[in-house]
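These notes are about the structure you will find just below.
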């Protein structure tokens, strides 16, 4: 039995998400056969594949598998969310919205040229942190705006490279150019930052213990 990469809870429903990059659509040797498939016709070119199961009181009530091409992605802290009574999930270059609990496909949007790293709430909409674009989607998956930087939207350390605040979006590219966007996609501040280097913990040296031989104890 495969362990899920993430488990989400919505009221009485438990949603388990599995990374299925070794899944073969023409094989009977997969560990599980999903009842619904939301993939492109040529499934040999898929770079990211996720299986989803929904349980009610520990009873399986629906399942599906999704996949896309583009840059490969996994399941990370910001790559899934529950919104508008559905599951929103980044998968390679696309964002999928699936109904809960039926797991019907409500919409699918290509939100980045290469890879969707994560998705965040933005007022009544969403903003997608992509590799090449930052994209605002409405609740129906329609693109409102997209913005590029001078380089890809991450840093070598991958720390604090994309944050959504109450009144702006802060994004940093590979060359440490940092941009402040308003919610309409306009840059209102831009500056350079230094690489973030995690300081190594300073270890306290262990002082050697001078052990005396048994006959020296009383000296």
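Readers should treat all values here as calculations from the given coordinates under stated rules, not as data from a laboratory. Given the structure is predicted, the values throughout are model-derived calculations rather than measurements. All Cβ positions, even for glycine, are placed from backbone atoms using ideal geometry, and neighbour counts span all protein chains on display.
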remark   = The Cα extents of the range 1-90 along the principal axes, largest first and rounded to whole Å, are 37, 28, 21
task = Any chance you could check the Cα centroid distance between the range 129-148 and the range 1-40 for me, in angstrom?
result = 26
inquiry  = From the alpha carbon gyration tensor of the range 74-131, can you work out the equivalent ellipsoid semi-axes (sqrt of 5 times each eigenvalue) and give them in Å, largest to smallest?
reply    = 17, 12, 10
request  = Could you quote the convex hull projected area for the chain, Cα atoms only and averaged over all directions, in nm²?
outcome  = 21.0
query = Hey, what D do you get for the range 149-198 in µm²/s if you plug the Kirkwood alpha-carbon radius into Stokes-Einstein at 37 °C and 0.692 mPa s?
reply = 299
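Expected output is a single nm value to one decimal: the length gained when fully extending between residue 1 and residue 124, i.e. 0.36 nm times separation in residues minus the C-alpha distance. What is it?
Length gained between residue 1 and residue 124: 40.5 nm.
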query = Where is the GNM fluctuation largest for the chain (alpha-carbon springs, 10 angstrom cutoff): 26, 160, 112?
reply = 26
key: For 1, 114, 77, order by how many other beta-carbon atoms lie within 10 Å, fewest first   = 1, 77, 114
query = Please report, for the Cα atoms of the range 113-174, the Rg to one decimal and the Dmax as a whole number; what are they, in angstrom?
reply = 11.1, 33
query = Ranked highest first by the average count of other Cβ atoms within 10 Å around their residues, in what order do 87-99, 127-139, 27-39 fall?
reply = 87-99, 127-139, 27-39
note = Normalised per residue, the volume inside the convex hull of the alpha-carbon atoms of the range 4-53 in Å³ amounts to 93
query = Full extension from residue 192 to residue 114: what is 0.36 nm times the residue separation minus their Cα-Cα distance, to one decimal in nm?
reply = 25.6 nm
